[in-house]
Amino acid sequence: MQFLDEATIFVKAGNGGAGCVSFRREKFIEFGGPDGGDGGKGGDIWLHASKDLNTLIDYRFAKHFKATTGIHGMGRNRTGAQGDDLILTMPLGTQVFDAETGILLADLIDEEQRVCIARGGRGGLGNAHFKSSTNQSPRTAQKGELGEERQLYLQLKVMADVGLVGLPNAGKSTFLSAVSRARPKVADYPFTTLHPHLGMVYLDEQERVFADIPGLIEGAAEGVGLGHEFLRHVERCQALLHLVDATSDDPAEDFHVVRQELAAYSEALANKPYVVALNKIDALESDLQEMVFQLFTEATGEEPLLISGLAKKNIEPLLRLIWSFAIHDDSWEAEYGC
């Protein structure tokens, strides 16, 4: 399935049905009079959050969505039926903005959450409502109100507990495939992930969602490479895991580049708790591992864990350290409502 995390759509709720002009005329009925019914309400448009979706690809080509119009009123004081509501299912984590004003209209962060994004128009009144002592035969009825219409900008921010960040080829996809059942593309040549992958990681009968995003490179804040296009997908994370290639020419510089790009994107993102791990230690001799560890610590002030996603070495100690950060606490719930 193709991944899409942005889309623009047009939605229009149903118009209200028109009221009816009708008069009662029956044999043997002495007094007739107006009996026009009201029009039915137009259908609403609802957004429904589903954990079964992880992309906005359904809204790549289908751009216009309209609910049905309410049925017009009829004689004998019959009210028209209400128009059918239209429900648009979207992935969990979708933010909905007014495309013209940029105002956030809805943030779908709860499973099965529903939000009415456009209200249907009210049905018009039939002529029975306009009868009075001075106007006993009104020939007036209201038209139905127009339904709301909006141009919506959809932006998906995946719901994850831990975000994997690092330069391209730092081993993020290999690590994710080692700790979860996710199967992102992994190969023995340099390349970078092109869209986010999610994996469910289990430890001590607890679960956390890990998000692997495309690698950052120096100058991403200015649009180099993939830029910051996918960093929104780790904005909701409670903790970050910095994976650094231990076989790189300068692992400390690689770490500094990623930290600078995070700070350029968002101060809140740069201030999230994080864990640092030197990956691919299976490719280094033990004495070289110690030297890389010492040089990295002196240059960054961090004490990284030495791991290997490919060989699954020191994975459990790393996960236990991450678990101490990525816990659903009250402050996180208050911020994101989850």
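Points worth noting:
- Pick from the range 1-12, criterion open to solvent by 20 Å² or more (accessible area, probe 1.4 Å) and assigned to a strand (DSSP E or B), ranking: modelled with the lowest pLDDT: Glu6
- If you go through the range 159-171 and keep only what is under 21 Å from Ala49 (Cβ atoms) and assigned to a loop (DSSP other than H, G, I, E, B), you end up with Met159, Ala160, Asp161.
- Within the range 58-71, the presence of at least one residue that is hydrophobic (A, V, I, L, M, F, W, C), part of a loop (DSSP other than H, G, I, E, B) and modelled with pLDDT of 95 or more is confirmed.
- Among the criteria (1) more than 30 Å from Ser180 (Cβ to Cβ); (2) of a type outside the set (Gly, Ala, Ser); (3) touching a Leu at 6+ places or on another chain (Cβ under 9 Å), the one Pro91 does not fulfil is (1).
- Conditions (1) more than 17 Å from Asp85 (Cβ to Cβ); (2) assigned to a loop (DSSP other than H, G, I, E, B); (3) among the polar types (S, T, N, Q); number of the one not met by Asn15: (1)
- Selection from the range 288-308 of residues that are part of a loop (DSSP other than H, G, I, E, B), open to solvent by 60 Å² or more (accessible area, probe 1.4 Å) and either under 23 Å from Ile213 (Cα atoms) or of a type in the set (D, E, K, R) (or both): Glu303
- Filter result for Arg119 (open to solvent by 80 Å² or more (accessible area, probe 1.4 Å) and either under 22 Å from Glu148 (Cα atoms) or of a type in the set (S, T, N, Q) (or both)): yes
- Qualifying residue in the range 28-51 (condition: free of Cβ contacts under 8 Å to residues at least 40 places away in the same chain and within 40 Å of the chain's Cα centre (by Cα)): no
The values are calculated or read from the model by the stated rules, or taken from the named source; none is laboratory data. The structure displayed is predicted, hence computed values, not measured ones. Here the Cβ is made from the backbone with ideal geometry for all residues, glycine too, and neighbour counts use every protein chain on show. All accessible areas refer to the heavy atoms of the entire protein, side chains included, with ligands and DNA or RNA removed. Shrake-Rupley method; radii C 1.70, N 1.55, O 1.52, S 1.80 Å.
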